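The structure under discussion appears below in the form of structure tokens.
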Amino acid sequence: MKRKLRLPQKSDHPIVDDNLTHLYHLPIVGSFFKKRLTMTLDFLNGRSFNRILEVGFGSGVMLHELSKVAKHVYACDIHPHIHLVKNMTQKENLNIHYCGGSIVDLPFKDNSIDCIISVACIEHIHELQKSIFEMKRVLAHGGTLALGFPVETKITDFLLTAAGTTKAYRKKLREVHPNSHSDILTQVEKQFGPIIKKRLPSYLPESISLYYSCVATKPF
């Protein structure tokens with residue numbers, strides 16, 4: 001069954017540091033931004049968790065969906081607009097536990113979370129190995145890690161640099177996106193073992209696809 005993502009009300013949906021919030025509400029571009037979320041959320045279909053954590057929740061666009069699959073939803077990010085997202089979810093009667101914190105130093109105890117989900121975050125982290133290790137530390141044994149991140153290709157580079165194609169801007173792009181999809185997949189497999197992965201669009205080869213999602217399980 002095709003998942004239909006429930007978005008926050010546009011009037012309440014806060015703008016955070018990425019300035020991408022409004023794109024979710026556009027008719028054409030928004031379909032891609034929503035699909036990259038649902039592709040990762042689909043790994044959780046048919047499952048329920050006691051404690052789920054979203055790392056890098058941004059504008060809170062996935063929190064309503066996460067509330068459907070978990071008794072307790074935790075949301076962690078480093079941006080200074082957490083209070084705006086909290087106000088939004090309170091209006092929508094969602095009970096979310098918020099905290100400020102970095103993916104490389106999560107403020108949670110070892111083995112305390114049943115599922116961690118993170119979309120459009122891990123590609124920005126310079127300490128990739130440490131961030132994967134930190135999520136693994138927090139996950140309970142048998143816990144689920146679901147990640148979404150862009151595919152690094154000439155097409156996605158072009159889309160990301162469409163507003164400025166100078167060499168200086170391309171260098172800045174690599175500073176903002178230090179991790180390629182292959183870097184991320186390799187590191188997750190190294191620390192977790194075998195993973196399941198899928199691409200968007202699924203019918204295209206990796207060299208011209210746009211987005212990846214993967215899921216892994218913390219070994220017992």
Self-check item: GluC sites (Glu not before Pro) within region 1-104: DSSP coil, no more than 16 neighbouring Cβ in 10 Å
Solution: Glu92
Quiz item: Around Pro27, what is the net charge, scoring Lys/Arg as +1 and Asp/Glu as -1 over all other residues with Cβ under 13 Å from its Cβ?
Solution: +2
Practice problem: When a/c is below 1.5 the answer is rounded, else prolate if a/b is larger than b/c, else oblate, so apply that to region 63-123 with a ≥ b ≥ c taken from the square roots of the Cα gyration tensor eigenvalues. | Solution: oblate
Self-check item: Selected from Tyr24, Phe108, Gly46, residue furthest toward positive end of dipole (the chain; charges at beta carbon)
Solution: Gly46
Quiz item: Once amide H atoms are built 1.01 Å from N in the peptide plane, which residues 5 or more positions from Ala70, or in another chain, come under 5 Å H to H?
Solution: Phe49
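May I ask you to compute the full-extension gain from Glu127 to His83, defined as 0.36 nm times their residue separation minus their alpha-carbon distance, rounded to one decimal in nm?
On the way: separation 44, 0.36 × 44 = 15.84 nm, distance 2.70 nm.
Here the segment from Glu127 to His83 would lengthen by 13.1 nm.
Place the peptides 114-120, 24-30 in order of packing, highest mean first, counting for every residue the other Cβ atoms within 10 Å and averaging per peptide.
Details: 114-120: 24.0, 24-30: 12.3.
Output ranking for 114-120, 24-30: 114-120, 24-30.
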Exercise. Note down the relative contact order for region 1-66 as a percent, whole number, built from C-alpha pairs under 8 angstrom at least six residues apart.
Key: 45 percent
Quiz item: What FRET efficiency do you get for Lys198 and Arg6 if R0 is 25 Å and r is their Cβ-Cβ distance, rounded to the nearest 0.05?
Solution: 0.70
Exercise. Could you tell me the distance between the Cα centroids of region 1-61 and region 205-220, to the nearest Å?
Key: 18 Å
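Apply the a/c threshold of 1.5 to the C-alpha gyration tensor of region 1-119 and tell me whether it is rounded, prolate or oblate. Please list the in-between numbers first.
Numbers: a/c = 1.61, a/b = 1.18, b/c = 1.36.
Oblate is the answer for region 1-119, as a/c is 1.5 or above yet b/c matches or exceeds a/b.
In nm, what is the difference between 0.36 nm times the number of residues separating Glu189 and Lys109 and their Cα-Cα distance? Intermediate values should be presented prior to the final figure.
Working: separation 80, 0.36 × 80 = 28.80 nm, distance 2.30 nm.
So the extension gain works out to 26.5 nm.
In whole percent, what relative contact order does region 21-217 give with Cα contacts below 8 Å and a gap of six or more residues?
Answer for region 21-217 is 20 percent.
Taking R0 as 30 Å, what FRET efficiency do you get between Ser182 and Asp42 from their Cβ-Cβ distance, rounded to the nearest 0.05?
Plugging the Cβ-Cβ distance into 1/(1 + (r/R0)^6) gives 0.85.
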Exercise. Rank by packing, highest mean first: peptides 140-148, 75-83, with packing defined as the count of other Cβ atoms within 10 Å averaged across residues.
Key: 140-148, 75-83
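Throughout, read-outs are computed from the coordinates displayed, never taken from laboratory work. Everything quoted here is computed from the prediction, not taken from an experiment. All Cβ positions, glycine included, derive from the backbone under ideal geometry; neighbour counts span all protein chains shown.
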